[in-house]
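Enquirer: Please see the structure below; I have some questions.
Please treat every number below as a calculation from the coordinates, not as lab data. Here the structure is a predicted model, which is why all the values come from computation and not from measurement. Methodologically, a virtual Cβ is constructed for each residue, glycine included, from the backbone with ideal geometry; neighbour enumeration extends over all protein chains shown.
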């Protein structure tokens, strides 16, 4: 711990100073020794850090989307140079440079807040040990040791012994109940954040191993947080739970306002825009106009969701403009009406339905063939009955009545010697 503290000593003092400043504000409202004063100070520290990290979060979103788009090209490079690792790496770096993509950008927010996390962890550990650190003097140290959140001290951990918890004026049951509940909430928020990203804000037209990796992380990360959480002090759990909730809300906002092209979120967003245009006759809001402008600029490269949006505007007699606005257009309405009257292709039937139809058709053909053969036989019999019977030939009925063993038809006369 001393080694880690020395590594992060450059940030331990600023973190402790920020907490102390927030504690002065909340202490005036809830009391200096109140758990709410210290807990809200930690929450405010998280909010301040995450506000400063918003530019990195924007870069993370762009990098993640670019990585999704580049997955097919990356896979092709891997297949082409699978026996030449050096050439494969060179082509990958060339692809990243051409597209302006940095694979590490998706990890920037986590890497940027890691020093603050370890600094806060060391500050709380020092409070639990009764040691002064940074801007926390002896009076603040005693106040922090007396602060409890729902009966659990800020410096207590799930794995602490009963004696250590008792030294912080708390019971082991309260500490474990509070920490277990916070660990569950922390893991659940992490899972929900990753799940809404995978189910709503992913381009459904891109099927790559990258997507499978993201699905695995959706289940692995909550487990990692749960295992690590039992060794975190209550104050650190407050910090991590707050940052997870912030990430979840921030991501929800991005999904609703700036969805990934080709995703379910984009479909829902454009449906809302279309509904607003139907009601007001125009695209309201700078963000929405920017989205429409980007769709118009794509031209024939639009995805199915974007084409459906343009068609919806045309049905309303509107045409999207290059600046993101919409104008009345009789041509667009006529084209939409003509497209609606085009003959639609019949829906392809499943294999089982085709086999059933073929079997039924074969049975009908067999019945028609049988009926036809019966009809032809009847016609032949009728034609034979209508023909005149020659006197030298016996009737067909008499031939059928001939005894068995006798030769049908006219008999040759016997030789005179055999009479």
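Enquirer: Let a ≥ b ≥ c be the square roots of the eigenvalues of the Cα gyration tensor of the stretch 2-257; is it rounded (a/c under 1.5), or, if not, prolate (a/b larger than b/c) or oblate?
Expert: The shape class here is prolate.
Enquirer: At 7 Å along the Cα-to-beta-carbon direction for both residue 325 and residue 17, put a label point, then send me their distance in nm to one decimal.
Expert: 5.1
Enquirer: Kindly identify the stretch 232-324 as rounded, prolate or oblate by the Cα gyration tensor criterion: order the square roots of the eigenvalues as a ≥ b ≥ c, call it rounded if a/c is under 1.5, otherwise compare a/b with b/c, prolate if a/b is larger, else oblate.
Expert: Cα axes put the stretch 232-324 in the prolate bin.
Enquirer: Something else about it: First measure r as the distance between the Cβ atoms of residue 177 and residue 79, then evaluate 1/(1 + (r/R0)^6) with R0 = 51 Å and state the FRET efficiency to the nearest 0.05.
Expert: The formula returns an efficiency of 0.45 here.
Enquirer: Work out how much length residue 271 to residue 219 would gain on full extension: take 0.36 nm times their residue separation and subtract the Cα-Cα distance, in nm to one decimal.
Expert: Net length gain for the segment: 15.6 nm.
Enquirer: Pull out the extension gain between residue 110 and residue 315, defined as 0.36 nm times the separation in residues minus the alpha carbon to alpha carbon distance; nm, one decimal.
Expert: 69.2 nm
Enquirer: On to the next question. Given labels modelled 7 Å from the Cα in the Cβ direction, how far is it in nm from residue 308 to residue 93?
Expert: About 4.3 nm separates the two model spin labels.
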